[in-house]
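Note sheet for the following structure.
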Amino acid sequence: MAHDGGNKAILAALAANLGIAVTKFIAYLLTLSSSMLAESVHSLADSGNQLLLLVGGRRARKEADEAHPFGYGRERYVYAFIVSIILFSLGGLFALYEAWHKWQDPHPIEGRWWWVPLAVLVAALVMEGFSFRTAIHESNQVRGERSWPEFVRTARAPELPVILLEDFAALLGLVFALFGVGLTLITGNGSWDAVGTAAIGVLLVLVAAVLAVEMKSLLVGEGATPEHVRAIESALVGPGVGRVIHMRTMHLGPEELLVAAKIGVDGADSAGDVARAIDDAERRVRGAVPIARVIYLEPDLDRGRSGASVR
């Protein structure tokens, strides 16, 4: 379900960015505004990023094989990390270079097409607003009580946080572009265009850095959320299982969780009783946390010692 919502947000963002990139580039050709060039490259980079997210989602659905016995779920993290690199290099660094170039040789926006950048930017705000609204709606389906910063930090599915940050950056970038273009038209000083372009570049670099940090954490291997940890621990304890001695969890993909735990069993139980207790515990865990698909339980004698259950 979460993946379907992510795809819907990706497709909405892709449609918006492709249209916006074309109109921004036409506006640049008519006016030679550096803010418009930076914004057109920004939208083009975002379009490529959304295609990468779709490719990552498709590749993650490959069946497990001998070389990858736990499947390909982390492909989604790999492609989301590539998105952060593209946003940093193609979007942020290009905008900063263009700003420096325009600052060295500022020129005003002149000619009969002076109004085109303003019209394009206002239209882009509307289209990006629609894409951002879709991303917010889909995120609210899975966000729960978490704040937006917490959702971005803790979400295990990368698509929605990526689209949210990209769309938010796109909206702020359009405001910066309006600032640079507007003041250039009012004052006739092209340096304001360079300032707007630089602001876009700094914004994209910061967003790319946030994305890179979050995706790196997921690639390295994050454990289950605290809510899922508590639910799994509670589900493990039942007939034949006295307590959880210790536990480790790790996401094999956004919707697939590995659970490994040592559980305390009664020393008087037979091997058959222990096996049935383990089978029952696995069923309880999968009922409580459906994404816990790979479960390894090691029985040990319950000697009544308090053990820490950790992720």
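The values are calculated or read from the model by the stated rules, or taken from the named source; none is laboratory data. These figures come from a predicted structure and were not determined experimentally. Here Cβ is always computed from backbone atoms with ideal geometry, including for glycine, and neighbour counts include all displayed protein chains. All accessible areas refer to the heavy atoms of the entire protein, side chains included, with ligands and DNA or RNA removed. Shrake-Rupley method; radii C 1.70, N 1.55, O 1.52, S 1.80 Å.
So, of the residues in the stretch 68-78 that are open to solvent by 80 Å² or more (accessible area, probe 1.4 Å) and out of contact with any strand residue (DSSP E or B) (no Cβ under 6 Å at 6 or more places or on another chain), which turns out to be farthest from LEU219 (Cα to Cα)?
PRO69
Scan VAL205, VAL220, VAL210 and give me the residue that is of a type outside the set (Asp, Glu) and either in contact with a Phe, Trp or Tyr (Cβ under 7 Å, 6 or more places away or on another chain) or open to solvent by less than 50 Å² (accessible area, probe 1.4 Å) (or both).
Checking each option against the conditions leaves just VAL205.
Of the residues that make up the stretch 174-190, is at least one of a type in the set (A, V, I, L, M), open to solvent by 60 Å² or more (accessible area, probe 1.4 Å) and at pLDDT 85 or above?
Yes, some residue in the stretch 174-190 is of a type in the set (A, V, I, L, M), open to solvent by 60 Å² or more (accessible area, probe 1.4 Å) and at pLDDT 85 or above.
For the stretch 128-154, which residues satisfy the criterion of being within 16 Å of LYS8 (Cβ to Cβ) and of a type in the set (A, V, I, L, M)?
The answer is ALA135, ILE136, VAL142.
What are the residue pairs meeting all of these: first residue in the stretch 147-169, first residue in contact (Cβ under 8 Å) with a residue 24 or more places away in the chain, second residue crowded, with 18+ Cβ neighbours inside 10 Å and assigned to a loop (DSSP other than H, G, I, E, B), Cβ atoms under 6 Å, and 6 or more apart or on different chains?
Matching pairs, first to second residue: ARG156/PRO254; ALA157/PRO254; PRO161/ALA155.
Considering only the stretch 124-158, how many residues are aliphatic (A, V, I, L, M) and exposed (fewer than 15 other Cβ atoms within 10 Å of the Cβ)?
Adding up the residues that qualify gives 1.
Kindly indicate whether ALA64 is in a helix (DSSP H, G or I) and open to solvent by less than 90 Å² (accessible area, probe 1.4 Å).
No, not satisfied.
If you go through the stretch 185-223, how many residues are within 30 Å of VAL259 (Cα to Cα), touching a helix residue (DSSP H, G or I) at 6+ places or on another chain (Cβ under 8 Å) and of a type outside the set (Gly, Ala, Ser)?
Count: 7.
Take the residues in the stretch 252-266 that are open to solvent by less than 60 Å² (accessible area, probe 1.4 Å) and without any contact (Cβ under 8 Å) to a residue 60 or more places away in the chain; name whichever of them is farthest from the chain's Cα centre (by Cα).
VAL265
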